[in-house]
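The values are calculated or read from the model by the stated rules, or taken from the named source; none is laboratory data. On a predicted model such as this, the values are computed, not experimentally measured, just so you know. Positions of Cβ are generated from backbone atoms using ideal geometry, with glycine treated the same way; all protein chains shown enter the neighbour counts.
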Amino acid sequence: MGKLRILIADDHEAVREGLKAILARHPDLSVVGEAVDGTSAVAQAKQLLPDIVIMDVSMPDVNGLAATQAIKACCPNVHVLALTRHADDGYLEQLLTAGASGYVLKQSRSAELVHAIRSVCAGGTYLDPAVAGRVVRELRRDSRTTTVRGSDPIPLSPREEMVLRLVAWGNSNKEIASQLSITVKTVETHKTNAMHKLGLENRLAVVRFAVLQGWLRDDA
């Protein structure tokens, strides 16, 4: 497999340099471009078609939310990982809805960022553990945000629930297969069955269901 190609979008040069220094330590990661605002991020995403954009939430001209929406509209295969210094940032749910596949805090450990990048590029959804509480509070204010079908969904089997929990935490199918000692095909079957039983249509719906169930707490 080739290197994961990364576009960094942040209006602060010091942040961009710091991120490049972190990512340079990992041979499977390659920074292919830098953007100083949302407009540049969208333009470079179209031109470079990176595997992932590390997107600062607060940028001049076009902010991270609008840039994420634009990138997902023109380049649906480009993943977006939102980056912010605020654990209670109100953009969180909007960014997930706009198409971001993950949300990481700037003050998190570098290993957290690298894990998030790999998880998102492998098809997972990643939430920094420090922001999980924010998601729970926001979504529980309106239980209608969940897409669970009906008031009495079909119960999940223990293995289906475990797979769905791991999906919500941002693990890829391959990572889940390794953790549970099953095949990737079996993981996909359990995930598909669980989502069908609960009426969940996509990863965002899985994340919403997970936080409403309390699965994203550190003690869950």
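Tabulated data
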| item | result |
| --- | --- |
| Residue within segment 189-200 that is surrounded by fewer than 17 Cβ atoms within 10 Å (Cβ to Cβ), of a type in the set (D, E, K, R) and modelled with pLDDT of 90 or more present | no |
| Scope segment 123-137; condition surrounded by fewer than 16 Cβ atoms within 10 Å (Cβ to Cβ) and either assigned to a loop (DSSP other than H, G, I, E, B) or at pLDDT 80 or above (or both); matching residues | 123 |
| Any hit, segment 91-108, residues being under 20 Å from residue 3 (Cα atoms), outside the structural domain of residue 208 (by TED's automatic domain parsing) and in contact with a Gly (Cβ under 9 Å, 6 or more places away or on another chain) | yes |
| Any pair with Cβ under 8 angstrom, 6 or more apart, that starts in segment 19-45 at a residue that is hydroxyl-bearing (Ser, Thr, Tyr) and ends at one that is assigned to a strand (DSSP E or B) | 30/4; 30/5; 30/6; 40/9 |
| Pairs where the first residue, in segment 196-212, is assigned by TED's automatic domain parsing to the domain that holds residue 164 and among the aromatic types (Phe, Trp, Tyr) and the second is at pLDDT 80 or above and in a helix (DSSP H, G or I), C-beta under 7 Å, 6+ apart | 209/198 |
